[in-house]
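As C-alpha cells, the structure follows; a few thoughts come after it.
The values are calculated or read from the model by the stated rules, or taken from the named source; none is laboratory data. Since the structure is predicted, the reported quantities are computational estimates derived from the model, not experimental observations. Please note: Cβ atoms are built from the backbone with ideal geometry, for glycine as well, and neighbour counts cover all protein chains shown. Accessible surface is based on the protein model in full, side chains and every heavy atom, while ligands, DNA and RNA are left aside. Shrake-Rupley method; radii C 1.70, N 1.55, O 1.52, S 1.80 Å.
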Amino acid sequence: MALGFFDGVHLGHQSLLMQAKKIAEKNNLKFTAMTFDPHPNEVIKLEKDWRYITPLALKIERMAAIGVDKLFVIKFNLSFASLLPSDFIKQYVLGLQAKHLVVGFDFTFGKKAQGTADYLQKMSKNNPFDVTVISKQVHNGEKISSTIIRKIVRDGDVHLVPYYMGHHFEIKGVVYGSNRHKHEKKKNMEFHTGNKYILPAPGVYRVEIKTWNKTCQGLFIRYGSSRKNDEISGQVVIEMLKGGVVEEATVKFLKQIPFESKSQCSTNFKEVIK
C-alpha cells in the first residue's frame, strides 16, 4: 500500500507508486494506495478556498492509469487529524491487513504530524508489515513537490510543468457556448472548472483542448479578477446560457505567450476556441 496525499501525482509520486506496484507484483499482493480528502489545510488551517493540482476525481483517474488495484480515500477531518500515530497504524494499516507500506521520506501522519517514515520503520519490527521509504526526487537540484508545481503554475511558467509532472498541466471543466447577441457570428466560449483547480497567472496560453470526440489547438485567456475566487475568462450566469452548448473538456496548458492588448486576447479567444 502506497500512502500519501498525492496532489498532482507528479514524478515523485509516480516513482513511489511504481515501487509499490513492483513490490506488490513480486509478492503476489494487491497493489493498493491510500489518500486523503479534503486537503489537510482546509481542515486544520481553515483554508476554504483551497485549490488542487489534481482534484480527487482526476487523482483517482491518474492513479488508476498507473495500475492501482484499490484506492482507499480517507475523509480528512479533525477527528482523523487527532489520531495518535499508533492508532493510525492499528486502524489503517493492521486493520486493512497491509503487508508492505511504501511512503515518501517526508511522509507524516497522526496527531500534530508526529508519525513519520522512521516511526513506521520502527513499528514494522514488531508488526506483520514491512516498510519501504522512497528518497527525495529532484530536478535541477530542487525537490519535486506539489508546492513547487503550484508556484510554477501560478507564476504562469506552465512550460516547466512536464519536468515535474511528466506531462503538461491540465484542468477539466465544462465549456459553455452562447451567442450573447443575435448579430454575433461567432460564439464566446467560456470554461468553468467549479473552482477546484489552481489556475495559471492571468495571461494568454497556447493550449490543447480535448473533448470526447475531438482535439484541437487554441488559445486560452485568463483574466485577472479583483474577486476572492479566481474565474476563467469571464464566467457567465445561468440565465445567459439558455440555448447554449455545454460540453465537458480538458484544457492542457502548453506555454504562455505574449499579447498586446486585452481586445486582441478577446478576438483570438473567440476565433480559436470555437
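Rolling a 1.4 angstrom probe over the protein chains, ignoring ligands and nucleic acids, what is the accessible area of S135 in square angstrom, nearest 10?
Approximately 80 Å² of S135 is accessible to the 1.4 Å probe.
Report, to the nearest whole %, how much of the accessible area of segment 1-136 belongs to carbon and sulfur atoms, 1.4 Å probe, protein only.
Working: 3620 of 7030 Å².
That fraction is 51 percent.
Any chance you could run the full-extension gain for I257 through K125? It's 0.36 nm times the residue separation minus the Cα-Cα distance, nm to one decimal. All intermediate terms of the calculation are to be shown ahead of the outcome.
Details: separation 132, 0.36 × 132 = 47.52 nm, distance 5.47 nm.
Using 0.36 nm per residue and subtracting the Cα-Cα distance, I get 42.0 nm.
Counting heavy atoms of the protein chains only and a 1.4 Å probe, report the per residue accessible area for segment 2-80 as a whole number of Å². Walk me through the numbers on the way to the answer.
Details: 3820 Å² over 79 residues.
That works out to 48 Å² for each residue.
Between K151 and T215, what's the calculated FRET efficiency when r is the beta-carbon distance and R0 is 30 Å? Round to 0.05. Mind dumping the intermediate values first?
Values: r = 29 Å, r/R0 = 0.96.
FRET efficiency, K151 to T215: 0.55.
Would you mind getting me the FRET efficiency between K196 and F105? Use the beta-carbon distance for r and R0 = 22 Å, nearest 0.05. Walk me through the numbers before you get to the answer.
On the way: r = 29 Å, r/R0 = 1.31.
Step by step, r from the Cβ atoms, then E = 0.15.
What nm distance separates the two modelled labels at D118 and K70, each placed 7 Å from Cα along Cα→Cβ?
Here the answer is 3.3 nm between the modelled labels.
When the dipole is taken about the Cα centre of segment 1-95, and only Lys, Arg (+1) and Asp, Glu (-1) are charged at their Cβ, what size is it in debye, to the nearest 20?
Numbers: 12 positive and 9 negative charges, 52 e Å.
So the dipole magnitude of segment 1-95 works out to roughly 240 debye.
What does the extension gain come out to for H139 and M18, with contour length at 0.36 nm per residue minus their alpha carbon separation?
Details: separation 121, 0.36 × 121 = 43.56 nm, distance 1.86 nm.
Gain in length upon complete extension: 41.7 nm.
Between N27 and E61, what FRET efficiency follows from the Cβ-Cβ distance if R0 is 25 Å, with the result rounded to 0.05?
Values: r = 27 Å, r/R0 = 1.06.
With a Förster radius of 25 Å, E is 0.40.
Is segment 44-103 best put as rounded, prolate or oblate by its Cα gyration tensor, with a ≥ b ≥ c the root eigenvalues, rounded for a/c under 1.5, and otherwise prolate when a/b is larger than b/c, oblate when not? Present the calculation step by step, with values, prior to reporting the outcome.
Numbers: a/c = 2.86, a/b = 1.07, b/c = 2.67.
Here segment 44-103 falls in the oblate category.
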